[in-house]
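See structure below.
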Amino acid sequence: MPLGSEVLLLGLVGQMPEQSVWFWLSASVGNTLGGLTNWWLGKYLLRYQHKRWFPVSEKRLMQVQSWVRRFGFPALLLSWLPVVGDAICLAAGVARLNGWGTCLWIFIGKSLRYAVLVLGTSALVLS
């Protein structure tokens, strides 16, 4: 469900602003693990690209790989976007981007989004 984690995070920060750092870290790590799951699926599913039932044509697969390679790891900063973010993580797997670099860039993108939300909510609660 899009935006589910944001609603929970903001509710928790509103109730216990002194725990904001832990809530931010939990949301960031959890969402990063979700993004890495999509990356792994993209990487794993390539094993089946030559099967008749594979849902993506070879031409489209090459386009996705080319796009990700052109923008590289910084494209993963957008992994926080609803719907599109999951596709970007999946595409990073299809393009076989390095796992550690992928993890780092997904974490940066997702944690920055949550930092903005937590800081904004904390400022409202504390004022």
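The values are calculated or read from the model by the stated rules, or taken from the named source; none is laboratory data. Just so we're clear, the structure is a prediction, and the values are computed from it rather than from any experiment. Backbone-built Cβ (ideal geometry, glycine too); neighbour counts: all protein chains shown.
Here are the numbers for the structure shown:
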| read-out | value |
| --- | --- |
| Test: residue 41 is more than 10 Å from the chain's Cα centre (by Cα), modelled with pLDDT of 95 or more and under 24 Å from residue 6 (Cβ atoms) | no |
| Qualifying residue in the stretch 34-44 (condition: in contact with a Pro (Cβ under 6 Å, 6 or more places away or on another chain) and under 29 Å from residue 11 (Cα atoms)) | no |
| Check on residue 60, among the charged types (D, E, K, R) and outside any helix (DSSP H, G or I) | no |
| Selection status of residue 90, modelled with pLDDT of 90 or more, part of a loop (DSSP other than H, G, I, E, B) and farther than 17 Å from residue 112 by Cβ | no |
| Residue list for the stretch 85-127, restricted to those being of a type in the set (A, V, I, L, M, F, W, C), over 15 Å from residue 39 (Cα atoms) and under 15 Å from the mean Cα position of the chain (by Cα) | 108, 112, 115 |
| Residue match in the stretch 65-84 (condition: of a type in the set (S, T, N, Q), surrounded by 13 or more Cβ atoms within 10 Å (Cβ to Cβ) and within 12 Å of the chain's Cα centre (by Cα)) | yes |
